[in-house]
Amino acid sequence: MTHDTLLTLSVFVLLTPLLSFMINIFFGNKLGRLSGVVGTTILGIDLLMAALIAFSKLVTYGGEHIIQTRFEWFSPGSYAISVGYGIDNIAAIMLMVVTLISFLVHLFSTIYMEGDRRYPKFYAYLGLFTFSMLGIVMANNFLMMYIFWELVGISSYLLIGFWYEKDSASNAGKKAFITNRIGDLGFFAGIMILFMTYGSFMFEDIFAGIASGTLPFNNPTMLTLAGIGIFMGAMGKSAQWPLHVWLPDAMEGPTPVSALIHAATMVAAGVYLVAKVFWMFTADALTFIAIIGTITAFVSATIAITQVDFKKVLAYSTVSQLGFMIMSLGTGGYTNGFFHLVTHAWFKAALFLAAGSVIHAMHHAMHHMHDHHSDPQDINNMGGLRKTMPWTYRTFLFVTLALAGIPLTSGFLSKDGILAGTLAWAKLTGGWHWIVPVMAFTAAGMTAFYMFRLTIVAFHGEPKTKIAGHTHENPVRIVLPLVVLSVLSVWFFYSPNPIDASVGWFHARVVQPETAVPAAYQWEFLIQDHQAAPAENHGSHHALNALQEETHHYHYLAMFLSLLIAGTGIALAFAIYQYKLISADALEKRFKKLHTFSYNKWYFDELYHATVIALMLAVSKAMAWFDSVVVDGIVNLSAGLATVAGKVTGLFDHVVVDGAVNLTARVTGFFGSRLRKLQTGNIQFYVVMLLLGVILLFYFFV
């Protein structure tokens, strides 16, 4: 496949989901249930084309950085706005991630969404989202990425609030939309700083400008601020603290939506953005990114421990794992961060679809038992599902092992690389940076605990309700996606060595890019004086090599610690929930305040209501008061003055003007009535009067 053929095929991959949207939005009502078949078939074709592109780029052109095209869109003034699209290695892999998961979600939804009165519209929205996400993947410039970024935002709004007749769903959609706009405001500001400095939106132009030493306002701090602005877009999309609050509420949308956009693709867009423009971040920006990712991973893990809603546990798990990815990128682990994005996409999509399988089975059981009051998502209403839903349980258990980081899974490979990277980063930077690996390992242990807590409570033991006892396995169109995603979570798809991903094809194709940022701005902070490296080696290559060497050095230590901590978390979950050696109720009572604090999600929503939202409401009320009292007062005063002026004018008109007019009329009438008598009609009289007038004129003027 030539470069031109690959780029042409990429356009078809981008536009094909848009065709699905157009067909289903305009003709969906006529198609009915066939809209699902149309959407699924179109995405299947899109998947095949994406696979062809990925194979060609990774195998045939794997050594080339990017295959791209660019063209001038328009020229406002002295600027020439260029846009385009391109495929590099991470874009090729992301094409496969997006199209495969979208296809499986389309297939899954043919059963899950069956009977929904807006069934065709659901498939139309899925097509729009897939188109938007593929646009982000293929963009090679900030302008096109921002356009598709906002299209993803509106797509997620439509899908989260799909069941808008429920207040919780419509509110969740608005919450997600508004929260993401906050992050996107920073994203836009960062883009504008870069454009005004380098005169281009193209990634390659900006990277080249930074590499040449050109800085915004000739100040490295402004480059840092521009990077943080770009990262704010990722904070919104990838639900990073403190903008993480929208993602758990987004579970109000249909469960297949959760699997597609809130586990594998949309929320990964922020991580993908950071990886895509990794070259532009300065040392301070990377440190900021690492801190935000670490806090996100830790805080979300502490919340997931106590949740009882099946999807909420997975939602906070997603936020935590996104924090791990961001943390890895911030600590210089470009390859490991992106690797975890891919592996997490498979097993977290499988987890959400398995949750959908459970919820679908619970709904059917409730319907047959005429129970319309039980909560089908509360894990305390489940239990014993491994007997009634064996395939769902097997796949869920395996991908849970992957998420917990157990060997022979892809999750073990990617998470082990991240944890080793944090140790290496902390070793090279020293000081307070050691808090990052400490919090990372703690979050990893909590992940293993809450995921096995979820598995044991929902699937093990005896059914806790009659509804759980009457569940049964779902049709193949629901089970098949679970099996496919579970198989993709096995280690050998990425590396022949089950405990070391660095020897596999993934790391060989997705390598840390050569930084375009001068060492003084990005990597010099990794170099310590005690390393005694030659001065000429104090550059980015030496720093990157030092980081990679330290990461490799910490590989086995990180693996040992992660297995120990994960094993402890799993053992604790079994001791409490499986074998009842420790009473969960007793622990809850003993640590009541901590449990309440975790269950109420650290009171972030309440904090925002008491501060930001309260401030906005206070400002709006103040503006309303100003409008009603001051503005309306001025308007009313003006109207009153105008009324008074009108009355005075009317009085003046009536008395003075009318009086003057009437006086003039009377005087004119008086003299007219007198002079009228002189109009006799007698010619002789007129001649006499004429002569008399001439005599008088002659007398007075001569």
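Numerical summary
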{"read-out": "Leading residue by the ranking (modelled with the lowest pLDDT) among those in region 58-99 that are charged (D, E, K, R) and not in a loop (DSSP other than H, G, I, E, B)", "value": "GLU72"}
{"read-out": "Among (1) under 17 Å from MET266 (Cβ atoms); (2) among the small types (Gly, Ala, Ser); (3) open to solvent by 10 Å² or more (accessible area, probe 1.4 Å) - the single one GLY199 does not satisfy", "value": "(1)"}
{"read-out": "Failed item in (1) modelled with pLDDT under 90; (2) surrounded by 10 or more Cβ atoms within 10 Å (Cβ to Cβ), with VAL619 passing the rest", "value": "(1)"}
{"read-out": "Helices (runs of 4 or more DSSP H) wholly inside region 360-438 that include at least 1 residues being open to solvent by 10 Å² or more (accessible area, probe 1.4 Å), of a type in the set (A, V, I, L, M) and within 16 Å of HIS460 (Cβ to Cβ)", "value": "390-404"}
{"read-out": "Any hit, region 158-173, residues being out of contact with any Gly (no Cβ under 6 Å at 6 or more places or on another chain), open to solvent by less than 40 Å² (accessible area, probe 1.4 Å), more than 30 Å from HIS367 (Cα to Cα) and part of a helix (DSSP H, G or I)", "value": "no"}
{"read-out": "So ILE87, is it crowded, with 23+ Cβ neighbours inside 10 Å, in contact with a Phe, Trp or Tyr (Cβ under 6 Å, 6 or more places away or on another chain) and farther than 30 Å from ALA361 by Cβ", "value": "no"}
{"read-out": "Which numbered condition LEU480 misses (of (1) at pLDDT 90 or above; (2) in a loop (DSSP other than H, G, I, E, B))", "value": "(2)"}
{"read-out": "In region 443-499, residue least open to solvent (accessible area, probe 1.4 Å) [restricted to those that are of a type in the set (A, V, I, L, M, F, W, C) and without any contact (Cβ under 8 Å) to a residue 12 or more places away in the chain]", "value": "VAL487"}
{"read-out": "Single residue of region 561-615 satisfying the filter (in a helix (DSSP H, G or I) and of a type in the set (S, T, N, Q)) that is modelled with the lowest pLDDT", "value": "THR611"}
{"read-out": "Extreme residue, surrounded by the most Cβ atoms within 10 Å (Cβ to Cβ), among residues of region 90-133 that are of a type in the set (Gly, Ala, Ser) and within 20 Å of ARG477 (Cα to Cα)", "value": "SER102"}
{"read-out": "Qualifying residue in region 16-30 (condition: open to solvent by less than 40 Å² (accessible area, probe 1.4 Å) and of a type in the set (A, V, I, L, M))", "value": "no"}
{"read-out": "Candidates MET325, MET369, MET382 - the one that is at pLDDT 95 or above and of a type in the set (A, V, I, L, M, F, W, C)", "value": "MET325"}
{"read-out": "Failed condition for SER132, given (1) in contact (Cβ under 8 Å) with a residue 24 or more places away in the chain; (2) in contact with a Leu (Cβ under 7 Å, 6 or more places away or on another chain)", "value": "(1)"}
{"read-out": "Cβ-Cβ under 8 Å pairs, at least 6 apart or on other chains, region 98-112 side within 10 Å of LEU126 (Cβ to Cβ), far side outside any helix (DSSP H, G or I)", "value": "SER102/THR265; SER109/PRO254"}
{"read-out": "Odd one out for THR335 among (1) within 23 Å of PRO254 (Cα to Cα); (2) at pLDDT below 95; (3) not basic (Lys, Arg)", "value": "(1)"}
{"read-out": "Residue count, region 305-344 (criterion: open to solvent by 10 Å² or more (accessible area, probe 1.4 Å), assigned to a helix (DSSP H, G or I) and of a type in the set (D, E, K, R))", "value": "1"}
{"read-out": "Unique match (being more than 19 Å from the chain's Cα centre (by Cα), within 24 Å of PHE71 (Cα to Cα) and not β-branched (Val, Ile, Thr)) among ALA92, ALA124, ALA139", "value": "ALA92"}
{"read-out": "Search result, residues across region 37-70 that are polar (S, T, N, Q), under 27 Å from the mean Cα position of the chain (by Cα) and open to solvent by less than 40 Å² (accessible area, probe 1.4 Å)", "value": "THR40"}
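The values are calculated or read from the model by the stated rules, or taken from the named source; none is laboratory data. This is a predicted model, so every value here is computed, not measured. For neighbour counting, all protein chains shown are included, and Cβ atoms are generated from backbone atoms with ideal geometry for every residue, glycine included. To get the accessible areas, we keep the full protein, side chains included, count just its heavy atoms, and leave off ligands, DNA and RNA. Shrake-Rupley method; radii C 1.70, N 1.55, O 1.52, S 1.80 Å.
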